[in-house]
Amino acid sequence: MTDSPTFLRDLRVSYDLDALVESSAPADPLELFQLWIEDALAHDLPEPNAMTLATLGLDGAPSARTVLLKGLDERGFHFFTNYESRKGQEISANPHAALTFLWTQRHHQVGVRGTISKLPRQDAESYFNSRPLGHQLGAWVSEQSSVIPGREWLESRQAEMEARFGEGPIECPPFWGGYTLLPTEIEFWQGRVSRLHDRLRYRRVDSTWIMERLSP
Ligand SMILES: Cc1cc2nc3c(=O)[nH]c(=O)nc-3n(C[C@H](O)[C@H](O)[C@H](O)COP(=O)(O)O)c2cc1C
């Protein structure tokens, strides 16, 4: 790689779609989150439930990847994955984590901090059983995050699992399931003109949420 491509420094968007003000923000941040994700859905944004999940690596350095939000309730933000993956191992060692949602066409970002715990087996099985057969098989095929010799290895494991399960049903693997992140802090970012964005942060203190405005 030589010089940095010059187009990067000239890429910028003017944020002017909306405002986020204390007087109309709900007292419950989950209510606002729901409004924003429904807004993203209503505007046909691709994969509005995609979120960046940041965890703490076993070496103390952060790691991040995208996962899909598959549920939201009083237990928190739910996602499903392989418990033996890198993220799974990192969560076992340190349950503190962060999520970021970016709905760029709406000039919206949401950041969440909290602690992760496993969802009950029943949630994993119920979600797993709702997935297409190929996705279910994929969960058995992939030793997620481990180094593999090549694509062929994956394809031969797939053939092996196809032979094992046939037409199904395919049971939920014991190493696969759900997590939920229980939020302690949720920040809503609304892009505004001249980079003077609105940032409202909700912090959970005991059982109530405190709302504060942060400088952009
Ligand atoms: C849009 C998108 C959605 C994804 N959703 C999931 C998901 O819900 N669960 C999952 O385990 N991996 C998902 N992935 C793959 C992860 O980003 C990641 O590659 C994988 O989970 C391994 O991460 P790890 O090695 O850090 O554990 C998704 C990737 C993308 C790009």
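Here, each number is a calculation from the coordinates, and none is a lab measurement. Every value quoted in this text rests on a predicted model; they were computed, and no experiment measured them. Neighbour counts run over all protein chains shown; Cβ positions are idealised from the backbone, glycine included.
Numbers below:
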quantity	calculated
Prolate/oblate/rounded label for segment 172-216 (Cα gyration tensor, a/c 1.5)	oblate
Anisotropy class of segment 1-97 from Cα gyration tensor, a/c 1.5 cut	oblate
Distance from segment 50-66 to segment 78-98 (C-alpha centre basis), Å	9 Å
Segment 1-127, relative contact order in percent, only Cα pairs under 8 angstrom and at least six apart counted	20 percent
Sum of side-chain charges, Asp16 neighbourhood, beta-carbon under 13 Å (Lys, Arg +1; Asp, Glu -1)	+2
For segment 1-49 and segment 186-216, distance of Cα centres in Å	14 Å
Value of relative contact order over the chain, rounded to a whole percent, pairs C-alpha under 8 Å and six or more apart	25 percent
Within segment 71-167, GluC sites (Glu not before Pro) in DSSP loop having at most 10 other beta-carbon neighbours inside 10 Å	Glu74, Glu167
